[in-house]
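Worksheet: one structure, shown below.
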Amino acid sequence: MLLFTQFGLFKNSKIVGLPLKLSFDPSSICQLRCPLCPTGQGSSGRTLGKMPFDKFKKLLDEMAPFLYEADLNNWGEPFLNPDLIKMVEYTHKKRIKTSVNTNLNVKLSEKDAENLVKTGLDILYVSMDGITQEIYEKYRKKGNLATVMNNIKLVVRKKNELKSKSPEIVWQFLVGKHNEKQLPVLERTKEELGVNRLVIGMMRSDMGKELFTPDKEKVESMQKWLPENEKLSRYDYKKKQRKLKKKYCHFLWFTSVVNWNGSVSPCCSCYQEKFDFGNAFEQGFKSVWNNEKYIAARDAVAKGKPNGKTVCDNCIRTGFID
């Protein structure tokens with residue numbers, strides 16, 4: 001209630017209370033080469049590595065009394081961290097709603113799938129943007145569709161064997177020019193795989209640059225990827241802008257991102273490490289949450305005026321990330 005009051009009524013720059021949700025990045029490394037992702041592009045803006053379990057555990061112990069949700073994913077493939085299942089299990093034991101977003105291109109063993117189900121993971125988001133290898137690999141470059149589908153079927157089978165309702169398996173399908181013709185048969189594939197939900201998502205622009213890029217430039221740079229059916233796009237093609245524009249950003253008051261090495265980002269769209277606000281492993285998250293950068297960012301967003309102190313100035317200029 002403190003957070004909602006401070007955000008809704010006062011837009012306090014220094015907050016009493018801690019975020020309701022954190023994203024932890026188990027791994028900033030990814031085996032795919034998705035063209036609109038800075039990790040897939042091999043960009044050098046963020047260091048690569050895997051979050052050590054002992055540091056994750058220490059930070060979660062600090063934050064668990066305040067957290068409602070934890071996402072175990074950000075810039076890399078979470079299953080490349082061998083401690084991911086242990087991380088999920090520990091988070092669930094803290095009674096925190098837990099999700100993992102994955103490309104699921106890491107082959108799971110029978111034991112892996114069984115242990116994953118037993119962790120109590122609430123939601124497993126699987127990004128799979130095609131139902132044939134030819135279409136799938138147009139965006140998920142170096143990905144293997146058969147591996148993804150076999151992993152899904154294996155987790156579904158283990159859920160049934162263990163009589164478990166969790167994790168809910170959500171299939172995320174980002175629709176673009178390359179795959180929009182497959183939409184009519186996705187429901188049938190969903191039933192065949194046994195996933196719980198199918199979510200049709202809209203393509204984003206280059207995710208490493210979107211904080212800094214006006215909508216017009218985003219649309220012009222994405223002609224290869226934007227679907228021909230404009231109804232399936234987040235952009236108005238004639239106006240060259242987003243159909244829905246957020247008037248405000250709530251991230252600075254309710255949520256935060258902790259990268260594999262403890263570096264804290266104000267949101268999941270901040271790729272370059274030089275713009276981060278501090279380090280939770282070195283300083284403790286509570287210290288970072290109300291430091292000079294967080295206070296300056298909240299002040300700028302609340303007033304709608306860039307102050308030249310943080311990366312958040314760019315969203316004020318170009319529009320808040322939706």
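The values are calculated or read from the model by the stated rules, or taken from the named source; none is laboratory data. In this text the structure is predicted, and so the values were computed from the model without any measurement. Every residue, glycine as well, gets a Cβ built from its backbone with ideal geometry; the counts of neighbours run over all protein chains shown. Please note that ligands, DNA and RNA were not included when accessible areas were found on the heavy atoms of the full protein model with its side chains. Shrake-Rupley method; radii C 1.70, N 1.55, O 1.52, S 1.80 Å.
Relative to one another, the C-alpha centroids of the stretch 246-322 and the stretch 173-243 are positioned 26 Å apart. The alpha carbon centroids of the stretch 96-133 and the stretch 38-74 are separated by 17 Å. Largest accessible area first, the listed residues 254, 173 line up as 254, 173 when surface is computed with a 1.4 Å probe on the assembled protein chains. Extension gain, residue 2 to residue 133: 0.36 nm times the residue separation minus the Cα-Cα distance gives 42.3 nm.
Let me know the shape class of the stretch 12-51, please: from the alpha-carbon gyration tensor, a ≥ b ≥ c as square roots of the eigenvalues, rounded when a/c is under 1.5, otherwise prolate if a/b is greater than b/c, or oblate.
Because a/c hits 1.5 or more and a/b exceeds b/c, the stretch 12-51 counts as prolate.
Among the protein heavy atoms of the chain, carbon and sulfur supply 52% of the accessible surface, probe 1.4 Å, non-protein parts ignored.
Value of Rg to Rh for the stretch 155-299, rounded to two decimals, is 1.06; Kirkwood radius and Rg both from alpha-carbon coordinates. One quarter of the convex hull surface built on the alpha carbon atoms of the stretch 150-230 amounts to 6.9 nm², the projected area averaged over directions. Mean sequence separation of contacting Cα pairs (under 8 Å, at least six apart), scaled by the length of the chain, corresponds to a relative contact order of 20 percent. Subtracting the Cα-Cα distance of residue 245 and residue 93 from their residue separation scaled by 0.36 nm leaves 50.9 nm. Secondary-structure-derived ellipticity at 222 nm for the chain, considering helices only, amounts to -9000 deg cm²/dmol, per-run term -39500 (n - 2.57) for DSSP H runs with n ≥ 4.
Could you tell me the relative contact order of the stretch 88-241? Use alpha-carbon pairs under 8 Å, at least six residues apart, and round to a whole percent. Taking the mean separation of contacting Cα pairs over the length of the stretch 88-241, I get 20 percent. Counting only protein heavy atoms and a 1.4 Å probe, the stretch 1-111 has 47 square angstrom of accessible area per residue. Please work out the Kirkwood hydrodynamic radius for the stretch 99-225, using every pair of different C-alpha atoms, and report it in angstroms with one decimal place. About 15.7 Å, per the Kirkwood formula over Cα pairs. Cα gyration tensor of the chain, axes a ≥ b ≥ c as square roots of the eigenvalues: rounded (a/c below 1.5), prolate (a/b > b/c) or oblate? Here the chain falls in the oblate category. Among the cysteines of the chain, those whose beta-carbon sits 4.7 Å or more from every other cysteine beta-carbon are 30, 249, 267, 268, 270, 312, 315.
Cα gyration tensor of the stretch 193-269, axes a ≥ b ≥ c as square roots of the eigenvalues: rounded (a/c below 1.5), prolate (a/b > b/c) or oblate?
Here the stretch 193-269 falls in the oblate category.
Counting only Cβ charges, +1 for Lys and Arg and -1 for Asp and Glu, the dipole size of the chain around its Cα centre is about 680 debye. Structural size metrics of the stretch 244-311, computed from C-alpha coordinates, are Rg and Dmax of 11.8, 39 Å.
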